[in-house]
1. From the list Ala466, Ala439, exactly one residue is within 16 Å of the ligand (Cβ to nearest atom), outside any loop (DSSP other than H, G, I, E, B) and buried (at least 20 other Cβ atoms within 10 Å of the Cβ). Which is it?
2. Within segment 144-194, considering only helices (runs of 4 or more DSSP H) that don't extend past its boundaries, which have at least 2 residues that are under 21 Å from the mean Cα position of the chain (by Cα)?
3. Can you name every residue in segment 90-127 that is acidic (Asp, Glu), over 15 Å from Gly248 (Cα atoms) and buried (at least 16 other Cβ atoms within 10 Å of the Cβ)?
4. Give segment 260-272 a look and list any residue that's in contact with a Lys or Arg (Cβ under 9 Å, 6 or more places away or on another chain) and closer than 21 Å to Met452 by Cα, or say none.
5. Kindly provide the set of residues from segment 329-384 that are within 27 Å of Val464 (Cα to Cα), at pLDDT 90 or above and either touching a Gly at 6+ places or on another chain (Cβ under 6 Å) or surrounded by 14 or more Cβ atoms within 10 Å (Cβ to Cβ) (or both), ordered by number.
6. Filter segment 395-434 down to the residues that are modelled with pLDDT of 95 or more and in a strand (DSSP E or B) and list them by number.
7. Being in a loop (DSSP other than H, G, I, E, B) and more than 14 Å from the ligand (Cβ to nearest atom) is the filter; apply it to segment 86-110 and report the residue that is farthest from Leu398 (Cα to Cα).
8. Exactly one of these conditions fails for Gly538: (1) touching a residue at least 40 places away in the same chain (Cβ under 8 Å); (2) farther than 22 Å from Arg319 by Cα. Give me its number.
Amino acid sequence: MLKPLLAAALIALPATAFAADNPAARAFYQYDAIHQPVVSDRGMVSAQEAIAARVGADILRRGGNAVDAAVAVGFALAVTHPQAGNIGGGGFMMIGGSGDDIVAVDFREQAPAAATRDMYLDADGEVDSTRAQFSHLSAGVPGTVAGLLHALETRGTMTRRQVMGPAIRLAQSGFVVTPAFADSIASADSLDADPSSVEYFAGRTAGDRLVQHDLAKTLRRIALKGREGFYTGRTAELIVAEMEAGGGLITADDLASYTVVEREPVIGSYNGYEIAAMPPPSSGGVHLVQMLNILEGYDLAEDGHNSAAYFHKLIESMRRAYADRSRYLGDPDFADVPVEALTERDYADRLRATIDPMQASRSEDILPGAELPRESLNTTHYSVIDSAGLAVSVTYTLNFSWGSGYSVDGAGFLLNNEMDDFSSKPGTPNGYGLIGGAANAIEPRKRPLSSMTPTIVRKNGRVVLATGSPGGSTIITAVLQTVLNTVEWDMNIAEGLHAPRIHHQWLPDRVSVEPGVSPDTLRLLDRMGHSLVRNERGGFATTTLGRVNSVGWDGQYFVGEADSRDPRSLAVGP
Ligand code: GLY
């Protein structure tokens, strides 16, 4: 770790002298900035939970590459951050280094073969949200184990035993519950309906040691047998038994047939930076690039960072992107998703031309729809970079925090409720208030549309930022602002991650704002016609948006920062 040494040596120097003497260091230490990143000369891991972050750093220290470390963190988070880290869910991984092609690994859940378009509609044709969100029926076929093992086998250097050892030991010996983790358990009402979930997690308070014997056994089966340790054999039998007991649809054949897909990332550019982000079935990459294309056409520097004029342009870009999301996005293996058309510069120019620089537009004029607000801080993101500059950016999830609330009895892990990310009734909002179209209707073996946006940003072929966030529908806008803080505002990655964010998603037509945005700025937005959420006293309400974990490289030193919006997060070098 370099940070204390370097900081101590240089703290007395005026910023200008430092910059002139050591231009390479400017990329991460900005002495006129409030936040400084963690710095290392051998790689970096940033994750939402500190024990798992240290597991990744240890793998790097032992000579593993970024993929080895990312796989180890993924399995470790399934133990130490079980409300989102998982083996019972799915997600996306971006892998890319200097000059190499960047690959997008899709291990999103798939609908069981017996799933049907109307499976969550009640007798009146309305969505039964309990069935869609908190039942065995809400679980898609998990993809995480296949995805992590695929990455390890194709691009890792270590054995399963090496990268899974730390997770197995953490499950077997336990770890100490922190106050923040205890709070998450205490607020997880969805666990109460399931005796296995109650046994595995409920009632643990800060200072308790959480030991997970059943999970340790499952992880050992995976370490020993690979994919067969989860998708066939004992673990698969336990999943199928759980489905049969709880009325779920996942069969042995669904598990054995699960496939990982390598996809081409969505590629965009901004001010000479290359932006590579997750393609469909995530909507993240398409709309990240679409919004960056709209915004690059403005002189944002003239507006000033987080000014009302800047936020107005962000909001109007978000409104248009999320309207398109509702109409066009879905699983590309089932629906014709117009990725190129949505990410074309000409299209962004046309959208920009519809934005009045002084006046908010109304979402109902962009596209018709309904509204149902709801927010959740589910999902988890981590980023890794190794000493060769290979970066891995992973967002994976159970959907809601603690998923469906149901665990696989005897196997020790929670089941996702990812089926709710389909449009259960096209045109009707899901648990995040997001509206989907026919492209995201339920079909057997299809993958539900996601907002997860693991992203890699390169300049001159070198990774300068790997980033991403949890936060449901707020993921794409949190990543947008984090990326802009690098490519437009030249912030170091710590500044870029901590700066207050805003969010708009077309419907509901309202702007969510983080603490730290000036009330004067909000009043200006209000006067432009934006709908800002109000608190009971008539003031502007604030909420946190996303938990970003970033790493980067300036060609010499590696930098990382974990989002202080989450008290358990950590960026750490090997
Ligand atoms: N379940 C949240 C997402 O995939 O975006």
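The values are calculated or read from the model by the stated rules, or taken from the named source; none is laboratory data. Quantities reported herein were computed from a predicted structural model and do not represent experimental measurements. With ideal geometry, Cβ positions are generated from the backbone for all residues, glycine too; neighbour counts draw on all protein chains shown.
1. Numbers: Ala466 fails: within 16 Å of the ligand (Cβ to nearest atom).
After ruling out the rest, the residue left standing is Ala439.
2. Values: elements: 144-155, 160-173, 179-186.
Counting at least 2 such residues, we get 144-155, 179-186.
3. Residue satisfying the conditions is Asp106 alone.
4. If the condition is that a residue be in contact with a Lys or Arg (Cβ under 9 Å, 6 or more places away or on another chain) and closer than 21 Å to Met452 by Cα, then Val261 is the only one that fits.
5. Residues of segment 329-384 within 27 Å of Val464 (Cα to Cα): 339-340, 342-345, 348, 377-384.
Then keep just the ones that are at pLDDT 90 or above; that gives 339-340, 342-345, 348, 379-384.
Val339, Leu342, Thr343, Glu344, Ala348, Thr379, Thr380, His381, Tyr382, Ser383, Val384, listed by residue number.
6. Hits for segment 395-434 are Thr395, Tyr396, Thr397, Ser407, Leu414.
7. First, the residues of segment 86-110 that are in a loop (DSSP other than H, G, I, E, B): 86-89, 97-102, 108-109.
Within this subset, residues satisfying the condition of being more than 14 Å from the ligand (Cβ to nearest atom) are 87, 97-102.
Working: Ile87: 9, Gly97: 28, Ser98: 32, Gly99: 33, Asp100: 31, Asp101: 29, Ile102: 25 Å.
Across segment 86-110, the extreme among qualifying residues is Gly99.
8. In the conditions (1) touching a residue at least 40 places away in the same chain (Cβ under 8 Å); (2) farther than 22 Å from Arg319 by Cα, Gly538 misses (1) alone.
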